[in-house]
Amino acid sequence: MTRGPVAVLSPGVWRLRHLIREVTDWEPVFLGGNRRGRTHDVAAVAGWGHKQTAHSARRLAEEMGKPYIAIEDGFIRSVRPGRGELPLSLVFDRAGVHYDPTKASELERLIAKAAATPRPSIEARAEAAIARIRELGVSKYNAGRRLSAAQMGLGRAPRGGRVLVVDQTVGDGSVLCGSAGPETFEDMLGEALRDHPDAQVIVKTHPEVMGGRKRGYLSHVASERIHVVDFEVNPWSLIDIVDHVYVVSSQLGFEALLGGCKVTCFGGPFYAGWGLTDDRQEFPRRRARPTLEQLFAAFYLDYARYIDPLRLKRIDIEDAIDRLAWRRDMALSACIRKRALGHGYRVAEHARAWLG
């Protein structure tokens, strides 16, 4: 466990210093461009995952002979994506990063340990948290309402049922680390169409693509058999009506596992390679065979840390689930939604909505 001062070079990570301080034993120290004379005091260097902006942090850690710690959002994050909202959960990895299957990570160690050493009370807690997530329809981002198939314009299910293909943002770290690219998404869509010739194929657009901040891989594929869901909707609305979900590396694939769907992975998400998914890549390092509850516990209970970002108070996953569902419902209420559509989700507005 890293303790003491931890160097931060990125203004984005520095912005989260109060959250980081609350859920770790670190004291973040911002170095920025002036690193001389201060680096010898730090125990490690932290950066945002494997992003391009973290290259300098990784390079500094190597030069200093100090550990590099990758920080990422957890999977119970906020109502909307982006900098406008502080995250309710963060993950920290001293060995790698959870979305890079090419290197060992602390999460892989936790998954293998969870599979090797059953923990009945922890697994029961995981089972209850899974049920609560399904009941409340909580995801990483939560700006959409839970809608019926008719409300989503999907019509009646054909005799072949429905399958879901999940798009992601161009350049997403989990896509690149998983040796995937545009052709991977095309292959995935093609396989879904071939494997389910009588089914309705639904393509879900990523929330950040809908917001205009990023581009997707499958944004313009609508056809007679393909229905593109390019509007805000709770992802559980889709999980509830499909039997098979195709992903490259999206978190939604793991949520689909929680919802009882068959999941085919074309990339290397953290939940692939453990015997729970149909994989198009091989993961020789991932030999453990955890149950779904054990896999959930490793990520959501052991790996992730939760915090109330406005009160700066560490919380547990049960509180995080309930608080995020409450924030979402408040944001989707008539007056909050009207204000949000006109002015965006600024942190100050969230504070007023949350604190009343």
message: So Lys140 passes all but one of these: (1) at pLDDT 95 or above; (2) surrounded by 19 or more Cβ atoms within 10 Å (Cβ to Cβ). Which condition number does it fail?
response: (1)
message: Here's a check for you: in the range 172-218, which residue that is over 19 Å from Tyr99 (Cβ atoms), under 20 Å from the mean Cα position of the chain (by Cα) and surrounded by 16 or more Cβ atoms within 10 Å (Cβ to Cβ) is modelled with the lowest pLDDT?
response: Met210
field: Matching residues in the range 161-171 - criterion: being under 20 Å from the mean Cα position of the chain (by Cα) and either part of a helix (DSSP H, G or I) or closer than 23 Å to His227 by Cβ (or both)
entry: Leu164, Val165, Val166, Asp167, Gln168, Thr169, Val170
message: Taking the condition of being buried (at least 19 other Cβ atoms within 10 Å of the Cβ) and charged (D, E, K, R), how many residues in the range 256-288 meet it?
response: 2
Given (1) under 24 Å from Tyr303 (Cβ atoms); (2) at pLDDT below 90; (3) small (Gly, Ala, Ser), number of the condition Gly37 does not satisfy: (1)
field: Failed item, numbered, when Ala128 is tested on (1) in contact with a strand residue (DSSP E or B) (Cβ under 8 Å, 6 or more places away or on another chain); (2) surrounded by fewer than 14 Cβ atoms within 10 Å (Cβ to Cβ); (3) within 22 Å of Phe75 (Cα to Cα)
entry: (1)
- request: Would you confirm whether any residue within the range 277-288 is within 18 Å of the chain's Cα centre (by Cα) and closer than 24 Å to Glu191 by Cβ?
  value: yes
- prompt: Is it true that Ser250 is modelled with pLDDT under 95 and polar (S, T, N, Q)?
  reply: no
task: Tell me the strands (runs of 3 or more DSSP E) entirely within the range 2-118 that contain at least 2 residues that are free of Cβ contacts under 8 Å to residues at least 60 places away in the same chain, crowded, with 21+ Cβ neighbours inside 10 Å and touching a strand residue (DSSP E or B) at 6+ places or on another chain (Cβ under 8 Å).
output: 4-8, 44-48, 68-73
message: Condition check: free of Cβ contacts under 8 Å to residues at least 24 places away in the same chain, polar (S, T, N, Q) and under 20 Å from Phe185 (Cα atoms). Does Ser250 satisfy that?
response: no
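The values are calculated or read from the model by the stated rules, or taken from the named source; none is laboratory data. Here the structure is a predicted model, which means the values were calculated and not measured. Please note: Cβ atoms are built from the backbone with ideal geometry, for glycine as well, and neighbour counts cover all protein chains shown.
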